[in-house]
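Notes follow once the structure below has been shown.
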Amino acid sequence: MYEIFKEFTFEAAHHLALTMAHSHVHRKLHGHSFKVEVFLRGEPDANKHWLCDFAEIERRIAEIRAVLDHSYLNEIEGLEVPTLENITRWIWQRLHNELPGLDRILVRRGSCGEGCVFSARAA
């Protein structure tokens, strides 16, 4: 069993006013630098000797990055409450039918030392 991954970053603003107490710091508009890791698992193709073409992974990631980068996450359909949990699931939902072997998505807010992993694969 092999595991490969591809990373990308994006910058975005958001707030969590819908779910936070009035005095909570994250109610206010603020931004983060996000780092995303996309993991695929499986066995390499017998003819190509690779699990997945990294160029194909990059092409799919570029579509997602184009939506997220320098955006106001609350305005993106499905991210009206842009918690790390919802961001990881949102990315998964856009990749799982496009990248066979998708295993999990990791999203980090490095400056905060925080992150979230999402996977909907069968256990």
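On the basis of being touching a strand residue (DSSP E or B) at 6+ places or on another chain (Cβ under 8 Å), among the acidic types (Asp, Glu) and surrounded by fewer than 16 Cβ atoms within 10 Å (Cβ to Cβ), does residue 58 make the cut? I'd like the intermediate steps shown before the answer.
On the way: touching a strand residue (DSSP E or B) at 6+ places or on another chain (Cβ under 8 Å): yes; among the acidic types (Asp, Glu): yes; surrounded by fewer than 16 Cβ atoms within 10 Å (Cβ to Cβ): yes.
Judged against the criteria, residue 58 is a match.
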Name the single residue, out of those in the range 105-123 being at pLDDT below 95 and part of a strand (DSSP E or B), that is farthest from residue 95 (Cα to Cα).
114
Please work out which residue is farthest from residue 87 (Cα to Cα), limiting yourself to the range 20-46 and to residues that are exposed (fewer than 11 other Cβ atoms within 10 Å of the Cβ), of a type outside the set (Lys, Arg) and modelled with pLDDT under 95.
46
If residue 100 satisfies all but one of (1) at pLDDT 95 or above; (2) touching a Gly at 6+ places or on another chain (Cβ under 9 Å); (3) open to solvent by 40 Å² or more (accessible area, probe 1.4 Å), what's the number of the condition it fails?
(1)
Could you give me the residue pairs with C-beta distances under 8 Å whose first residue belongs to the range 60-77 and is farther than 16 Å from residue 7 by Cα, whose second residue is open to solvent by 40 Å² or more (accessible area, probe 1.4 Å) and of a type in the set (Phe, Trp, Tyr) wherever it lies, and which are 6+ apart or on separate chains?
none
Residue 106 passes all but one of (1) within 14 Å of residue 11 (Cα to Cα); (2) out of contact with any Leu (no Cβ under 8 Å at 6 or more places or on another chain); which number fails?
(1)
Search the range 82-110 for residues that are hydroxyl-bearing (Ser, Thr, Tyr) and pair each with any residue that is open to solvent by 30 Å² or more (accessible area, probe 1.4 Å) and modelled with pLDDT of 95 or more when their beta-carbon atoms are under 7 Å apart and the residues are at least 6 apart or on different chains.
88/117; 88/118
Residue within the range 33-50 that is touching a Lys or Arg at 6+ places or on another chain (Cβ under 9 Å), farther than 14 Å from residue 13 by Cα and free of Cβ contacts under 8 Å to residues at least 40 places away in the same chain present
no
Quick one: count up the residues across the range 51-76 that are touching a helix residue (DSSP H, G or I) at 6+ places or on another chain (Cβ under 9 Å) and closer than 14 Å to residue 31 by Cβ.
2
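The values are calculated or read from the model by the stated rules, or taken from the named source; none is laboratory data. Predicted, not measured: the structure shown is a model, and the values here were computed from it. Using ideal geometry, Cβ is built from the backbone for each residue, glycine included, and neighbour counts are taken over all protein chains shown. In case anyone asks, the SASA skips ligands and DNA or RNA and just uses the protein heavy atoms, side chains included. Shrake-Rupley method; radii C 1.70, N 1.55, O 1.52, S 1.80 Å.
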